[in-house]
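Below is one structure, written out as structure tokens, with a few remarks after it.
No value in this document is a laboratory result; all are computed from the given coordinates. Treat the numbers as computed from the prediction; the structure is a model and nothing was measured. So basically every Cβ, Gly included, is an ideal-geometry build from the backbone, and we count neighbours across all protein chains shown.
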Amino acid sequence: MTAFRRNLPETTTGGDDMLFYIDTETTGLFDAEMVECAVIDDTGKTILDTLVNPGRPIPVGAMKIHGITDDMVRNAPRADAVRAFVLELVAGHEVVIYNASYDTMFLPGIRDRAAAIHCCMMRYAPVYDHWDDYHESYTWAKLGVAAERCGHVAVGDAHRARADALACRTVWQWLEAHKTEKQS
């Protein structure tokens, strides 16, 4: 883990009220492994932006979505080192993740370490305002749709962890600035 830390920018965890925005990219939806992780702080500073070696080949379908190849992750840190850093970083802080139920699967222990985990996607759903009678709930908007509606100016490629964490930050900050009764 020492070599991994040496490659990270010098970080500051900020005050107790610092929010962190996290996104991961993975080998797929089921039986997946993390291939990239990014953490952005509430000021927009990139705290972590790293590829992750999943220890197995990345399926073609996943590569087509995020563009991350086996060659790109070959010398990247393993997931355990990235997880340890993230868990240490977020200890006692609130974390915002666009699809928290999915991304937290790749960061086991984060719910115990963070002060709170907020799902931006679930909070945005009522604002998106597409009711599904069958499921009796609001439908979820894709991050790109939510970010665009909230005035996000894309930085980097969609479906890359840093770009998606920044988009999540924009949506969350928009939600905070435009609180409504629909938001939970």
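Annotations for the structure displayed:
- The alpha carbon centroids of segment 51-96 and segment 108-184 are separated by 21 Å.
- Excluding the site residues themselves, the longest part of the chain lacking any GluC sites (Glu not before Pro) in a DSSP loop with at most 15 other Cβ atoms within 10 Å is 11-135.
- Global dimensions of the chain from alpha-carbon coordinates: Rg and Dmax equal 16.2, 52 Å.
- Percentage relative contact order, the chain, counting C-alpha pairs under 8 Å, at least six apart: 22 percent
- Sorted by Cβ neighbour density within 10 Å, fewest at the top, the residues Trp172, Trp131, Trp140: Trp131, Trp140, Trp172
- The longest part of the chain holding none of the exposed loop trypsin sites (Lys or Arg not before Pro), meaning those outside H, G, I, E and B in DSSP with at most 16 other Cβ atoms within 10 Å, is 75-141.
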